[in-house]
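**Q** Could you have a look at this structure, given as structure tokens, before my questions?
What follows is calculated from the coordinates using simple rules that are stated; it is not laboratory data. All values reported here derive from a predicted model rather than from experimental measurement. A quick note on method: Cβ atoms are made from the backbone with ideal geometry, for glycine too, and the neighbour counts reach across all protein chains shown.
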Amino acid sequence: MKRTSFITLLLMAIIGGGCKNNSTEYRTISPEVLKDKIAGGWAGKMIGVTYGAPTEFRAQGKTYEDSIKWVPSDVKGSIWQDDIYVQLTFLMTMDQYGMDAPAKKYQELFAKAGYQLWHANVQARKNYFDSIFPPQSGHPDYNLHADDIDFQIEADYIGFMCPGMPQTANKIADKTGHIMNYGDGVYGGVFVAALYAEAYFENDIPKIIEKALLSIPSESDYSKIVNDVILLHKHYPTDWRAAWAELEAKWGKVQICEAGSTFNIDAKLNGAYIVMGLLYGEGDPVKTMEVSTRCGQDSDCNPSNAMAVLGVIKGLSGLPAEYQSAVNAIGDSLFVNTSYSFNKAVVKTLEYAEKLAVENGGEATDKAIKIKVQQPQPFALEVAFPKLVFDKKINVFASEGWEIKGTWNSYTQVNSWSKQETKNQAKYSGKAGDEATFTFEGTGASIVGNWLKDGGKADVFVDGKFNRTIDCYFNFANQEHHSMNLFHITNLPLGKHAIRFVVKGEKRPESTNTNVYITDAVVFKTADKINEGYKFSFQK
């Protein structure tokens with residue numbers, strides 16, 4: 001019996017030793033090659049974002065068909081791009097407080113940075129100053145931009161420092177992604193980080209995409225739209241415009257931010273355009289950037305991510321010589337409001353990559369970096385706005401739905417650049433007790449208004465019950481915002497509801513007045529099905 005047990009154990013050990021296992025399988029890369037690939041990734045971001053920058057949101061719900069004028073020296077414009085400077089602040093946080101710094105510290109440094117922000121990022125900045133911290137700062141209850149592109153365009157550093165380590169990338173993304181996003185918004189960053197993690201050891205682009213999908217839940221809309229792009233590419237292998245048209249018909253209006261508009265900054269749609277560029281670009285830098293750019297919408301961010309994937313695959317040394325020269329020419333230039341340059345980003349990312357390799361069971365020497373293989377593990381499913389769809393938008397000057405009490409005045413907006421005036425842009429009051437009530441039929445609504453340096457506070461009541469106090473003050477990084485979400489609520493039972501704002505006549509010390517500005521109300525309803533059972537033209 002004892003002899004039999006020993007033989008059995010010996011056979012099991014021999015058989016087990018021949019199997020691939022996370023505990024025994026490693027990949028090896030030299031420090032020189034790893035540094036070159038990291039440099040290629042950062043360079044790809046810089047090249048791609050400047051290639052598409054002049055076209056950003058010039059094509060909404062249509063392809064961009066004008067000429068694209070770009071020369072390699074234009075890469076100098078990347079110094080001022082939010083696609084890059086936000087994530088460099090996250091690197092600065094790691095430098096100062098360590099990789100294990102709490103999410104609140106990452107939020108603090110980016111909230112206090114001197115650069116300007118928009119959408120989910122600027123909501124996360126405001127949330128910080130309103131004492132709403134991660135993960136609530138990115139949660140759909142406090143961030144109507146939860147599904148937006150923001151984390152998708154600033155998660156590159158995670159993938160760059162996690163070669164072949166998608167599980168490690170997911171852990172880092174879970175922390176930083178929920179500062180400003182949730183659900184598909186977080187999955188966008190997870191997906192692009194996974195693309196880079198895989199691209200270090202795989203040259204086949206379809207395989208990289210399929211492997212990266214394993215890091216996000218297959219039930220998510222983000223996974224579904226990427227799989228649709230893969231399917232469309234197989235059916236239209238040489239006609240990306242035909243594939244784009246089919247994708248637009250199915251997914252083009254599935255968004256919450258800017259609902260009812262052709263403007264679409266949703267992470268999953270723009271993420272699909274990254275994949276379009278990668279598949280139809282077939283590894284060619286110009287073709288990859290052109291397709292991602294011509295797909296439209298956030299058409300500087302998407303070629304930036306796509307080109308960065310090629311940069312990791314090819315390394316900086318594998319990119320066209322004129323691209324290398326242009327990037328190296330600004331190698332020591334600091335990105336706006338950061339302490340980072342391209343050269344510093346490459347060196348620090350390499351340091352963190354080596355550190356993470358060792359912390360996750362590998363080794364790092366001057367001659368070789370040994371990385372313990374990690375199999376992708378998807379996030380748990382999060383859905384920011386389940387089956388929520390746009391119904392209608394009603395201006396505060398309209399009679400429908402609005403009841404105004406007190407001394408509300410008409411506000412004229414003056415564009416800071418063109419000096420053009422927009423009369424009746426909002427109604428505002430700073431007098432305590434003044435009220436604005438919006439009554440609607442639906443399952444949710446957003447009250448839209450202005451965040452200005454003279455903004456004050458209001459108490460918000462939903463169906464007669466106090467919900468919370470909101471603050472309309474904003475004057476950070478020399479930036480104010482018009483037509484922003486002041487308050488929203490979703491997941492209400494279908495029926496008649498009322499949202500009431502009561503001006504408090506109070507303000508934070510920095511504000512110059514107590515004004516509350518209201519421009520519109522956006523009404524949402526819940527759909528039984530969104531794209532369920534949808535068939536493309538060739539499937540019917």
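**Q** Nearest 10 degrees, 0 to 90: what angle lies between the long axis of helix 240-251 and the longest principal axis of the chain (Cα atoms)?
**A** Value to nearest ten degrees: 50.
**Q** Please state the charge dipole magnitude for the stretch 32-372, taken about the Cα centre, from unit charges on C-beta atoms (+1 on K and R, -1 on D and E), reported in debye and rounded to the nearest 20.
**A** Here the stretch 32-372 has a charge dipole of around 320 debye.
**Q** Could you tell me which of Pro376, Thr238, Asn143 has its Cα farthest along the dipole of the chain towards the positive end, charges placed at Cβ (Lys, Arg +1; Asp, Glu -1), taken about the Cα centre?
**A** Pro376
**Q** Magnitude of the Cβ-charge dipole of the stretch 123-251, K/R +1 and D/E -1, about the Cα centre, nearest 20 debye?
**A** The dipole of the stretch 123-251 has a size of about 200 debye.
**Q** Normalising by the residue count of the stretch 32-372, find the relative contact order in percent from Cα pairs under 8 Å and 6+ residues apart.
**A** In percent, rounded to a whole number, it is 29.
**Q** Compute, for the stretch 388-526, the length of the dipole vector about the Cα centre, with Cβ point charges of +1 (Lys, Arg) and -1 (Asp, Glu) only. Units Debye, rounded to 20. Spell out each step's value before the answer.
**A** On the way: 17 positive and 15 negative charges, 12 e Å.
Dipole about the Cα centre, nearest 20: 60 debye.
**Q** Among [x] 42.7, 136; [y] 24.7, 81; [z] 24.8, 94, which is the computed Rg and Dmax of the Cα atoms in Å?
**A** Evaluating Rg and Dmax of the Cα atoms in Å on these atoms matches [z].
**Q** Quick one: which of 161-167, 412-418 comes out on top by average Cβ neighbours within 10 Å, and what's the full order, highest first?
**A** 161-167, 412-418
**Q** May I pose another question? Expressed as an acute angle from 0 to 90° and rounded to the nearest 10, what is the orientation of the C-alpha long axis of helix 166-180 relative to the principal long axis of the chain?
**A** Around 10 degrees separate the two axes.
**Q** Another question, then. Roughly what % of Cα-Cα distances in the stretch 388-526 sit above 27 Å, to the whole percent?
**A** On the way: 1730 of 9591 pairs.
That tail contains 18 percent of the Cα-Cα pairs.
**Q** I would also like to ask the following. Of the options Ala498, Leu109, Phe191, report the single residue whose Cα projects farthest towards the positive end of the charge dipole of the chain (beta-carbon charges: Lys, Arg +1; Asp, Glu -1).
**A** Positive-most Cα among the choices belongs to Ala498.
**Q** Follow-up. In the stretch 20-70, which GluC sites (Glu not before Pro) fall in coil by DSSP and have 15 or fewer other Cβ atoms within 10 Å?
**A** Passing both the DSSP loop test and the Cβ count: Glu25, Glu65.
**Q** So which trypsin sites (Lys or Arg not before Pro) in the stretch 54-92 end up in coil per DSSP with only 10 or fewer other C-beta atoms within 10 Å? If you can, show how the numbers build up before the last one.
**A** Working: sites: Arg58, Lys62, Lys69, Lys76; in loops: Arg58, Lys62, Lys69.
Answer by residue number: Lys69.
**Q** Moving to a separate point now. Return the loop-located GluC sites (Glu not before Pro) in the stretch 396-435 (DSSP other than H, G, I, E, B) with at most 13 other Cβ atoms within 10 Å of their own Cβ; answer none if there are none.
**A** Filter output for the stretch 396-435: Glu400.
**Q** Given the Cα-Cα distance of Ser30 and Lys392 and 0.36 nm per residue of separation, how much length would full extension add, in nm?
**A** 124.6 nm
**Q** Which entries in Lys112/Lys171; Lys250/Lys419; Lys234/Lys367 show an alpha-carbon gap greater than 32 Å?
**A** The answer is Lys250/Lys419; Lys234/Lys367.
**Q** Right, here's the next one. Output the antiparallel fraction of DSSP beta bridges having both residues in the chain, as a percent to the nearest 5.
**A** Details: 58 of 60 bridges.
Close to 95 percent.
**Q** Still on this structure, I have one more. Taking a threshold of 22 Å on the Cα-Cα distance, which of the pairs Lys76/Lys207; Lys314/Lys370; Lys224/Lys392; Lys175/Lys344 fall above it?
**A** From the list (Lys76/Lys207; Lys314/Lys370; Lys224/Lys392; Lys175/Lys344), the Cα-Cα distance tops 22 Å for Lys76/Lys207; Lys224/Lys392; Lys175/Lys344.
**Q** Here's a follow-up. Quick one: check the C-alpha center-to-center distance for the stretch 73-144 versus the stretch 455-494, whole angstrom.
**A** First find each Cα centre; the distance between them is then 21 Å.
**Q** Which whole-number percentage describes the relative contact order of the stretch 388-526, with Cα contacts under 8 Å and a sequence gap of 6 or more?
**A** Computed over the stretch 388-526, the figure is 37 percent.
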